[in-house]
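Student: Take a look at this one; I'll ask things after.
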Amino acid sequence: MSDTSRRPRRPAKPYRRPQKDPVRILAFDALRAVDERDAYANLVLPPLLRKAREKGDFDGRDAALATELVYGTLRRQGTYDAIIAACVDRPLREVDPPVLDVLSLGAHQLLGTRIPSHAAVSATVELARVVLGDGRAKFVNAVLRKVAQNDLDGWLEKVAPPYDEDPEDHLAVVHSHPRWVVSALWDSLGGPRAGIEDLLEADNERPEVTLVARPGRATTDELLREEAALPGRWSPYAVRLTEGGEPGAVDAVREGRAGVQDEGSQLVALALADAPVDGPDRMWLDGCAGPGGKAALLAALAAERGAVLLASEKQPHRAGLVAKALAGNPGPYQVIAADGTRPAWRPGSFDRVLVDVPCTGLGALRRRPEARWRRRPEDLDGFAPLQRGLLRTALESVRVGGVVGYATCSPHLAETRAVVTDLLKQFPGAELIDARPLLPGVPALGDGPDVQLWPHLHGTDAMYLALIRRTG
């Protein structure tokens, strides 16, 4: 018998418990909620961060890192999926979703942050041991070591098709948007490659938090006293919080005198309020008022002029949010839960009507990055009848000489100009008016008469607005 058979065995390495990292565990929990429950990160993340702070697990830097990990991973999900697919030996759809979430978190740390590679791999493998177990952690380790062999540019050269061969697929992989979304945005934007690349890249940037000082209740001077606050670019009521400012720490926001509202949304409300009408100007309608940002601004503007706003929202819980946003308005208003396509008011009752219609939300991908992966082209067919029905009701609800504002948070032509064009054919007694002069100082508004705002040109969500006057 060989002597080697009598050699003593090496003692087994003692089991080491995985180290729990509260930041990465929270980021993983947020991604799982987005994946499993179709939740939105901007709704899931704040309560998770608040709970972590209350437990004493987090400070400001931890919260900032967790936020970056969640939003960065979601924004670049398409790119990371392509890279991870090149590093595994099976189709990506066969990788368990929790494992894929951990891999995506690791890929973002390796390719999208300044975390050193060894630390990114080590921390992600420890996370995998905690949330997946030791067996799958070994798989995560092996895949991430492959990912770490190239930087992001190196990987894009490998996994993105050449632009000259397939420009839309190239842009989809490089800028992490579904191909159909790239195509739709390019059609809406028009112009050369540089423009669409700037837009797609802007969708992947973290947007500033923008506040609105509600007239008669707060002023921009008050909000500008906050730390790291800057004036808005276009709206006279806007203030931007830079460096990750927390709106909940602002007294005026907590008290409802100010709110969080994208500057594009503010501009839509202001343009409708300033559009010229023939005759009296006493009754205003927000026909799709939830969750209440535009309604609160319109109600405050109406109060300054002695007008009254009726805010209508179909969903009762959203109508409750509208009522909360309008509470304390300096003038009279009313909030009702009603279907905007089956109005609870007589035709021709209003001087001004706003309908910010439900849509795909492709204009707010900076704020809701996961929406780009959930939406499908067929969703457009589902929204189309509702959008046309709401605009039809709005045109019937405004009196002759009054103005309707049709708005969407989507630049998709099927949700913007196509809807307006179709309805104008059915209403010969209505005409488009030029919205551009009602957004003073805002550049690059195109040929009109409607207006399309863009993240890369205006720093706003991609809001669309058409103003229509009822003439007969």
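The values are calculated or read from the model by the stated rules, or taken from the named source; none is laboratory data. Computed from a predicted structure; not experimentally measured. Cβ placement follows ideal geometry from the backbone for every residue including glycine, while neighbour counts extend to all protein chains displayed. What goes into the accessible areas is simple: the full protein's heavy atoms, side chains included, and nothing from ligands, DNA or RNA. Shrake-Rupley method; radii C 1.70, N 1.55, O 1.52, S 1.80 Å.
Student: Could you identify the single residue in 225, 206, 193, 240 that is among the basic types (Lys, Arg), surrounded by fewer than 17 Cβ atoms within 10 Å (Cβ to Cβ) and within 27 Å of residue 70 (Cβ to Cβ)?
Tutor: 206 is the lone residue from the list that is among the basic types (Lys, Arg), surrounded by fewer than 17 Cβ atoms within 10 Å (Cβ to Cβ) and within 27 Å of residue 70 (Cβ to Cβ).
Student: Being in contact with an Asp or Glu (Cβ under 9 Å, 6 or more places away or on another chain), under 21 Å from residue 391 (Cβ atoms) and crowded, with 16+ Cβ neighbours inside 10 Å is the requirement here; does residue 337 meet it?
Tutor: Considered against the rule, which asks whether it is in contact with an Asp or Glu (Cβ under 9 Å, 6 or more places away or on another chain), under 21 Å from residue 391 (Cβ atoms) and crowded, with 16+ Cβ neighbours inside 10 Å, residue 337 comes out as yes.
Student: Next question. On the basis of being out of contact with any Ser or Thr (no Cβ under 8 Å at 6 or more places or on another chain) and acidic (Asp, Glu), does residue 246 make the cut?
Tutor: Yes: the conditions hold for residue 246.
Student: So which residues in segment 271-297 are hydrophobic (A, V, I, L, M, F, W, C) and either on the phi > 0 side of the Ramachandran plot or buried (at least 18 other Cβ atoms within 10 Å of the Cβ) (or both)?
Tutor: Within segment 271-297, 271, 272, 273, 275, 283, 284, 285, 288, 289, 295, 296, 297 qualify.
Student: Give me a count of the residues in segment 160-196 that are closer than 15 Å to residue 365 by Cβ and touching a helix residue (DSSP H, G or I) at 6+ places or on another chain (Cβ under 8 Å).
Tutor: Number satisfying all stated conditions: 15.
Student: State which residue is nearest to residue 112 (Cα to Cα) when the search covers only segment 67-92 and only residues that are within 20 Å of the chain's Cα centre (by Cα) and β-branched (Val, Ile, Thr).
Tutor: My answer is 73.
Student: Under 30 Å from residue 179 (Cβ atoms), part of a helix (DSSP H, G or I), open to solvent by 40 Å² or more (accessible area, probe 1.4 Å) and in contact (Cβ under 8 Å) with a residue 40 or more places away in the chain, is that true of residue 386?
Tutor: yes
Student: Sticking with this one: Considering each of 300, 344 in turn, give the residue that is out of contact with any strand residue (DSSP E or B) (no Cβ under 6 Å at 6 or more places or on another chain), over 30 Å from residue 201 (Cα atoms) and open to solvent by less than 10 Å² (accessible area, probe 1.4 Å).
Tutor: Testing whether each residue is out of contact with any strand residue (DSSP E or B) (no Cβ under 6 Å at 6 or more places or on another chain), over 30 Å from residue 201 (Cα atoms) and open to solvent by less than 10 Å² (accessible area, probe 1.4 Å) leaves just 300.
Student: Tell me, which residue of segment 1-49 that is at pLDDT below 75 and of a type in the set (A, V, I, L, M) is most open to solvent (accessible area, probe 1.4 Å)?
Tutor: Residue satisfying both the conditions and the ranking: 1.
Student: In segment 221-231, is there at least one residue being in a helix (DSSP H, G or I) and under 24 Å from residue 60 (Cα atoms)?
Tutor: yes
Student: Please go through segment 30-56 and pick out each residue that is in contact (Cβ under 8 Å) with a residue 24 or more places away in the chain and outside any helix (DSSP H, G or I).
Tutor: Hits for segment 30-56 are 38, 40.
Student: Exactly one condition in (1) open to solvent by less than 20 Å² (accessible area, probe 1.4 Å); (2) within 17 Å of residue 24 (Cβ to Cβ) is not met by residue 132; state its number.
Tutor: (1)
Student: Out of curiosity, is residue 400 β-branched (Val, Ile, Thr), open to solvent by 10 Å² or more (accessible area, probe 1.4 Å) and assigned to a loop (DSSP other than H, G, I, E, B)?
Tutor: For residue 400, the condition - β-branched (Val, Ile, Thr), open to solvent by 10 Å² or more (accessible area, probe 1.4 Å) and assigned to a loop (DSSP other than H, G, I, E, B) - is not met.
Matching residues to (1) closer than 20 Å to residue 293 by Cα; (2) open to solvent by less than 50 Å² (accessible area, probe 1.4 Å):
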position	(1), (2)
424	no, yes
431	no, no
438	yes, yes
444	no, no
452	yes, yes
460	yes, yes
465	yes, yes
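Student: Oh, and also: Answer yes if at least one residue in segment 354-366 is β-branched (Val, Ile, Thr), surrounded by 24 or more Cβ atoms within 10 Å (Cβ to Cβ), under 30 Å from residue 173 (Cβ atoms) and in contact with a strand residue (DSSP E or B) (Cβ under 6 Å, 6 or more places away or on another chain), and no otherwise.
Tutor: Taking every residue of segment 354-366 in turn, none turns out to be β-branched (Val, Ile, Thr), surrounded by 24 or more Cβ atoms within 10 Å (Cβ to Cβ), under 30 Å from residue 173 (Cβ atoms) and in contact with a strand residue (DSSP E or B) (Cβ under 6 Å, 6 or more places away or on another chain).
Student: Also, quick follow-up: Applying the selection to segment 50-66, what residues are within 20 Å of the chain's Cα centre (by Cα) and open to solvent by 20 Å² or more (accessible area, probe 1.4 Å)?
Tutor: Answer for segment 50-66, where residues must be within 20 Å of the chain's Cα centre (by Cα) and open to solvent by 20 Å² or more (accessible area, probe 1.4 Å): 64, 65.
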